[in-house]
Amino acid sequence: MTQQYQVLARKYRPKNFHELIGQTHVSQALINAIDYNRLHHAYLFTGTRGVGKTTIARILSKCLNCDTGITSTPCGVCDNCVAIDQGRFIDLIEIDAASRTKVEDTRELLDNVPYAPSQGRYKVYLIDEVHMLSTHSFNALLKTLEEPPEHVKFLLATTDPQKLPITIISRCLQFVLRPLPQTLLSEHLANILTKEQVGYTQPAIWQLASAAKGSVRDALSLTDQAIAFGQGALDDATVNAMLGLIDAADLVRLTTDIYNHDKSAVAAHIEQMRAQMVDATSMFDGLAELLHQLALTQLLPEVALNVNEAQAKDIYTLAQHISPDVLQLYYEIVVQAREGVKLASTPMQALEMCILRLLAFRPLPVDEVLSNTYDSDGSATKVPAIEPVSSASAPDAIAHEASAPPPELYNADYQTPSHDELQSGIDDNDHLAQSVNSVMPEPVVEPEPVVEPEPVVEPEPVVEAEPVVEAEPVVEAEPVVEAEPVVE
């Protein structure tokens, strides 16, 4: 009988803290807590998918219930460790909160908390995707989570801690698991492929690690898929065809052809992308990442690039030729085009329009912007140069010009008129004024408006007071006649 195949994500799942890749800030804290006997009663593990939340919880459960005692290095061969690895340990209660959200399920769970463990040292409750519980379930869990019995440990895991009530978070010791860097993921994939005796190329596993977005489980699942697609081998063409990408070197050549304004070469790249049915979203991510790496190479060359050696050489060569201002414009165009994918008819249409914008737009040099203006038809017109104002040669030249009278107002032959001439001029002016007054009509005086008298307000009639009705006289009650005594 052929042995059943086990997927890579389960086959190479870490069984102790030393096999765990990444997450050193979490594993080291738990190791120290176990070694120094400072264990908390409730732990909360948060982080994106496939970064080790459930794996760390199971390793911690083995550390607490190993037959050798509470240790940070479980043996992995005792009955308890083997049962935990196989998922049949009776005192490790794994609960999928997404399928058991009702408060009745939570109350049923809490009813068994007071009972002692059946097989191990601790009864461990592992609640996965705990943010899916209802509000009533959280309220029912509060008291037990705050003060559980000494033989009970709660391990909570979630990908969305924002949905957890603050009352739950405050009762737990929280650890945030981070996505793994691409370099660490590619090294992990290389080690696994070597153990599996599968051939690979470095760019191929680099693309797989990049597509995983920091998730170990996603990286191993993609590797399984690539091995099946490539018939037992991994190369660049196989991985790119599976992921819907173009080669990293082709991406550099596309950017180079756009910068050189080589329209025929850019058209060939577009035809190639259509033929390969590339994923437009991945292409946007690849272009943005390439432009980011080019900017780092230009401005901060001491920062290490997150690429392989062959791609780093291509990036360094392109960074020597492309100008920084063009690079910044390209990045803004790509990022804005990626946001506009949802507005386009298809993602491929948005990608092609992005490439056309990169081909059409280019920032103007600063000197040309300062020296040119543009007419309504778009043609550039030279701005006339402004002549500098010449200063006076000497201060006394300025004083001389200020003291001299204007030439058109100064007459050397001018004589002062006599008294008789002045009096004759005054009489002529009076005669001219009288003749003008006789010709001009007299001003019409407008009549003053007649003010109407205000209406006389008649006094209001006096209302006579109603006569006061006198009260009727009170009739006095007649005196009570006492009964005569009875004579016996």
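The residues on offer are Ser99, Ser61, Ser134, and the sole one that is at pLDDT 95 or above and assigned by TED's automatic domain parsing to the domain that holds Pro161 is Ser61. What do you reckon, is Val252 under 30 Å from Leu329 (Cα atoms), in a helix (DSSP H, G or I) and either assigned by TED's automatic domain parsing to the domain that holds Ile127 or not charged (D, E, K, R) (or both)? Yes, satisfied.
Only one of Thr256, Thr281 is in contact with a Leu (Cβ under 7 Å, 6 or more places away or on another chain) and of a type in the set (Val, Ile, Thr); which? Checking each option against the conditions leaves just Thr256.
Would a scan of segment 76-89 turn up a residue that is at pLDDT below 95 and under 32 Å from the mean Cα position of the chain (by Cα)? No, because not a single residue in segment 76-89 is at pLDDT below 95 and under 32 Å from the mean Cα position of the chain (by Cα). Picking from Ala237, Ala310, which residue would you name as being in a helix (DSSP H, G or I), exposed (fewer than 14 other Cβ atoms within 10 Å of the Cβ) and not assigned by TED's automatic domain parsing to the domain that holds Cys354? Just one listed residue meets the conditions, Ala237. Need the failing condition index for Thr255 against (1) surrounded by fewer than 19 Cβ atoms within 10 Å (Cβ to Cβ); (2) closer than 23 Å to Arg357 by Cα, just the number. Here Thr255 meets the rest and fails (1).
Exactly one residue out of Ser264, Ser282 is assigned by TED's automatic domain parsing to the domain that holds Pro324 and under 30 Å from Pro14 (Cβ atoms): that is Ser282. Just one of the listed residues (Ala9, Ala42, Ala33) is within 16 Å of Leu92 (Cβ to Cβ) and either under 36 Å from the mean Cα position of the chain (by Cα) or surrounded by fewer than 19 Cβ atoms within 10 Å (Cβ to Cβ) (or both), and it is Ala42. Applying the criterion of being in a helix (DSSP H, G or I) and more than 33 Å from the chain's Cα centre (by Cα) to the residues of segment 162-201, the residue that is farthest from Asn308 (Cα to Cα) is Lys195. In the set Thr68, Thr106, Thr73, Thr144, only one residue is under 21 Å from His18 (Cβ atoms), without any contact (Cβ under 8 Å) to a residue 60 or more places away in the chain, surrounded by 15 or more Cβ atoms within 10 Å (Cβ to Cβ) and among the polar types (S, T, N, Q); that residue is Thr73. Of all the criteria given as (1) crowded, with 21+ Cβ neighbours inside 10 Å; (2) touching a Phe, Trp or Tyr at 6+ places or on another chain (Cβ under 6 Å), the one not satisfied by Cys81 is (2).
The values are calculated or read from the model by the stated rules, or taken from the named source; none is laboratory data. Being a predicted model, the structure only gives us computed values, none of them experimental. Note that each Cβ is placed from the backbone with ideal geometry, even for glycine, and that neighbours are counted across all protein chains shown.
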